[in-house]
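Worksheet for the structure shown next.
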Amino acid sequence: MLIRTGRDGFQHPTASEITPRAVYEDRRRLLKWMATGAAGAALAQWAQREAFAQQVTRPGKLAPLQVVRSTVPGAVTMEKITEYKDATSYNNFYEFGTDKGDPVENAHTLKPSPWTVEIEGLVKKPAKFALEDLVKLAPQEERIYRLRCVEGWSMVIPWVGYSLAKLIEKVEPQGSAKFVEFVSLADRKQMPYVGSRVLDWPYVEGLRMDEAMHPLTLLTFGMYGEVLPNQNGAPVRVVVPWKYGFKSGKSIVKIRFTDQMPKTAWNKAAANEYGFYSNVNPNVDHPRWSQATERRIGEDGLFARKRKTLMFNGYEPQVGQLYAGMDLKKNY
Ligand code: MTE
């Protein structure tokens, strides 16, 4: 992997540079301050999330990434984090097979380095980023997101990355750009199921410009404090926490700005089942199953109850306004 750490020159800020000094230097002063009303309450919540995020276990399997805590509202859910072994062995990555256990078995043939990501289409500054440069564009934040798959299961994963908006601002979209398209690698030599008829390759996903610019939309380089394992979309993917998992394209090689709604892989495969928006919505069923509940991976004992699926996967306070006035049954 070509993701650089402090050792070879690339310095992320340390946690103490990001976190208010008071947290480290004077807990009592901080607690007093926290007791002083609204600002204090917000800080208390922040401190709680901070403490929670520190519980993320580092599996020690791949190259570590230096991370800072995220201050983006909604970026850290306090739910129990899914075990690393579950998050990395129960995957959808059809380029490596259609069974949940296929990607972990087969994705060793993916070469995540060297890697480039091309930015093209309606932008003032089209660019070709080497992964090492893309990684350095902004500090890597830890974001603990729920991921809800359209198939009815979910996980809680500590991702590492930065808001996609940071990259978008850098390349300066033209006024005519209305959508962003994400194109995954489709190389038969590295990906044994590219060429199979299950999808029209490459895997393409897309977002409306305001969705792509939303601070929760994460350009993702790692999980559990380390670089992404191949089966989870190494070396770079998108994670859009309020949408079904398939909107989060893996192993991305191109980001294209367009004025047309992108023709996405699953929409092309079954337009009546997989819409462009695909916001998590317990009130709009998939034609073949209900979306009202979900099974949390790792909680599947005999007596485990299904959880209620939340509107926008629980991110309604942050993203609900993006869809004000839209008929979400029509725009599924
Ligand atoms: N990206 C590519 N390129 N190919 C895929 O098959 N599957 C999607 C999404 N991104 C997929 C993809 C689906 S259906 C889900 S649920 C998530 O990846 C799963 O991500 P995870 O394996 O990291 O949990």
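Annotation note: Cβ proximity below 8 Å between a residue of segment 188-203 that is within 12 Å of residue 266 (Cα to Cα) and a residue that is at pLDDT below 95 (sequence gap 6+ or interchain) occurs for 201/195.
Note on segment 76-100: among residues that are more than 9 Å from the ligand (Cβ to nearest atom) and open to solvent by 40 Å² or more (accessible area, probe 1.4 Å), the one that is nearest to residue 193 (Cα to Cα) is 99. Just one of (1) more than 14 Å from the ligand (Cβ to nearest atom); (2) more than 19 Å from the chain's Cα centre (by Cα); (3) within 30 Å of residue 63 (Cα to Cα) fails for residue 194. It is (1). When restricted to residues that are within 13 Å of the ligand (Cβ to nearest atom) and either open to solvent by 10 Å² or more (accessible area, probe 1.4 Å) or of a type in the set (Ser, Thr, Tyr) (or both), segment 215-228 contains 2. Of the residues making up segment 243-274, just one is touching a Ser or Thr at 6+ places or on another chain (Cβ under 9 Å), more than 19 Å from residue 121 (Cα to Cα) and away from the ligand (no atom under 11 Å from the Cβ), namely 267.
Here the condition is being of a type outside the set (S, T, N, Q), open to solvent by 10 Å² or more (accessible area, probe 1.4 Å) and in a strand (DSSP E or B); of 169, 181, 273, it holds for 181 alone.
Being aliphatic (A, V, I, L, M), open to solvent by 20 Å² or more (accessible area, probe 1.4 Å), in contact (Cβ under 8 Å) with a residue 24 or more places away in the chain and within 27 Å of residue 88 (Cβ to Cβ) is the requirement here; does residue 304 meet it? No; evaluated as a whole, the condition is false for this residue.
Here residue 257 meets each of (1) at pLDDT 95 or above; (2) farther than 24 Å from residue 145 by Cα; (3) part of a loop (DSSP other than H, G, I, E, B) with one exception, condition (3). Scan segment 251-286 for residues that are within 25 Å of residue 307 (Cβ to Cβ) and touching a strand residue (DSSP E or B) at 6+ places or on another chain (Cβ under 9 Å) and report the count. Residues flagged as within 25 Å of residue 307 (Cβ to Cβ) and touching a strand residue (DSSP E or B) at 6+ places or on another chain (Cβ under 9 Å) within segment 251-286 amount to 8.
Would you mention how many residues in segment 307-330 are in a loop (DSSP other than H, G, I, E, B) and open to solvent by 30 Å² or more (accessible area, probe 1.4 Å)?
Within segment 307-330, the first condition is being in a loop (DSSP other than H, G, I, E, B), and the residues that meet it are 309-310, 315, 324-330.
From the residues that got through so far, the ones that are open to solvent by 30 Å² or more (accessible area, probe 1.4 Å) too are 310, 324-330.
So the count comes out to 8.
Restricting attention to segment 202-234, which residues are in contact with a Lys or Arg (Cβ under 7 Å, 6 or more places away or on another chain), within 15 Å of residue 184 (Cα to Cα) and among the hydroxyl-bearing types (Ser, Thr, Tyr)? Correct list: 220 only. Filtered by the rule that a residue be open to solvent by less than 40 Å² (accessible area, probe 1.4 Å), of a type outside the set (Phe, Trp, Tyr) and assigned to a loop (DSSP other than H, G, I, E, B), segment 196-212 gives a lone residue, 199. Exactly one residue among 192, 215, 235 is within 30 Å of residue 288 (Cβ to Cβ), part of a loop (DSSP other than H, G, I, E, B) and at pLDDT 95 or above, and that residue is 192.
With respect to residue 51, determine if the residue is among the hydrophobic types (A, V, I, L, M, F, W, C), open to solvent by 40 Å² or more (accessible area, probe 1.4 Å) and over 19 Å from the mean Cα position of the chain (by Cα). So that I can check it myself, show each step before the final result.
Details: among the hydrophobic types (A, V, I, L, M, F, W, C): yes; open to solvent by 40 Å² or more (accessible area, probe 1.4 Å): yes; over 19 Å from the mean Cα position of the chain (by Cα): yes.
For residue 51, the condition - among the hydrophobic types (A, V, I, L, M, F, W, C), open to solvent by 40 Å² or more (accessible area, probe 1.4 Å) and over 19 Å from the mean Cα position of the chain (by Cα) - is met.
If the condition is being within 15 Å of the ligand (Cβ to nearest atom), of a type outside the set (Gly, Ala, Ser) and closer than 28 Å to residue 180 by Cα, then segment 101-119 contributes 103, 110, 112, 115, 117.
The values are calculated or read from the model by the stated rules, or taken from the named source; none is laboratory data. Just so we're clear, the structure is a prediction, and the values are computed from it rather than from any experiment. Note: ideal-geometry Cβ built from the backbone for every residue, glycine included; neighbour counts use all protein chains shown. Surface accessibility is based on the protein's heavy atoms, side chains included, excluding ligands, DNA and RNA. Shrake-Rupley method; radii C 1.70, N 1.55, O 1.52, S 1.80 Å.
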